[in-house]
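**Q** Please read through the structure below; I'll follow up with questions.
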Amino acid sequence: MPNGIDLVRAEHERVRELFGRFNATLDSALVGQTIGVLRARDSAEHPALYALAARLVDDAALMDRLAAAHSAVKKQIDVVAGLRGTPLVDAFQTLQAFVGDHIRVVETKLLPRLVEHATAEQLEGLGAQILQVKQQVGY
């Protein structure tokens, strides 16, 4: 079973790929697909990842920064979901920027700290939790 860090990184790569495909094609079907992936990812990763991080990473400022970024992404998803045409493209590109910034912070600040502080069993447990929720939400 993959550990939680590997799963989070794989999901980040999937999201980057979807945004890249949209940028290359401007195919609006990719907007819905990307939003679906982001929402499912949020349900699967967020509770498990941030709960573990809150226990192991003694950095309130980092956790606050991640929570604020997460909130901004969720709000922008709601904005994108209600648009069509040029406003949709613009809002989706804003979402891409928010998500890209969030992913960079998670990958450069949070995940290395988790690797440093978590046991192999904790990271495997994180992976199991993520996979379980993914199955529950049909993702």
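**Q** Whenever you get a sec, compute what percent of the accessible area on the chain sits on carbon and sulfur atoms (1.4 Å probe).
**A** With neighbouring chains kept in place, the figure for the chain is 53 percent.
**Q** Same structure again: Name the helices (complete DSSP H segments) of the chain with a Cα length along the long axis of 15 Å or more and a Kyte-Doolittle mean of at least 0.5, or state none.
**A** In the chain, the long hydrophobic H runs are 60-81.
**Q** Then there's this: Expected output is a single nm value to one decimal: the length gained when fully extending between residue 14 and residue 124, i.e. 0.36 nm times separation in residues minus the C-alpha distance. What is it?
**A** Result: 37.5 nm gained on full extension.
**Q** A further question follows. Please compute P(r) over all alpha-carbon pairs of the stretch 18-74, binned at 5 Å starting from zero, and give each bin as a whole-number percent.
**A** Result, from short to long distances: 4, 17, 20, 19, 15, 11, 9, 5, 1 percent.
**Q** What accessible area per residue, rounded to a whole number of Å², is obtained for the chain using a probe radius of 1.4 Å?
**A** Counting only protein heavy atoms, the per-residue value for the chain is 52 Å².
**Q** Mind listing which trypsin sites (Lys or Arg not before Pro) in the stretch 79-139 are in a DSSP loop and have 14 or fewer other Cβ atoms within 10 Å?
**A** Listed in order of number, the matching sites are 84.
**Q** Taking only the C-alpha atoms, wrap a convex hull around the chain and report its volume per residue in Å³ as a whole number.
**A** 96 Å³
**Q** Among 94, 86, 34, which one shows the biggest mean-square fluctuation in a GNM of the chain, springs joining Cα atoms closer than 10 Å?
**A** Evaluated over the chain, the most mobile residue of the options is 86.
**Q** Now for a separate question. Give the relative contact order (percent, whole number) for the chain; include only Cα pairs under 8 Å separated by 6+ residues.
**A** Numbers: 96 pairs, mean separation 67.3, N = 139.
Computed over the chain, the figure is 48 percent.
The values are calculated or read from the model by the stated rules, or taken from the named source; none is laboratory data. Keep in mind it's a predicted model, so treat the numbers as computed, not measured. Cβ coordinates were reconstructed from backbone atoms using ideal geometry, including for glycine residues, and neighbour counts include every protein chain displayed. Side chains are part of the model used for accessible areas, which takes the heavy atoms of the whole protein and leaves out ligands, DNA and RNA. Shrake-Rupley method; radii C 1.70, N 1.55, O 1.52, S 1.80 Å.
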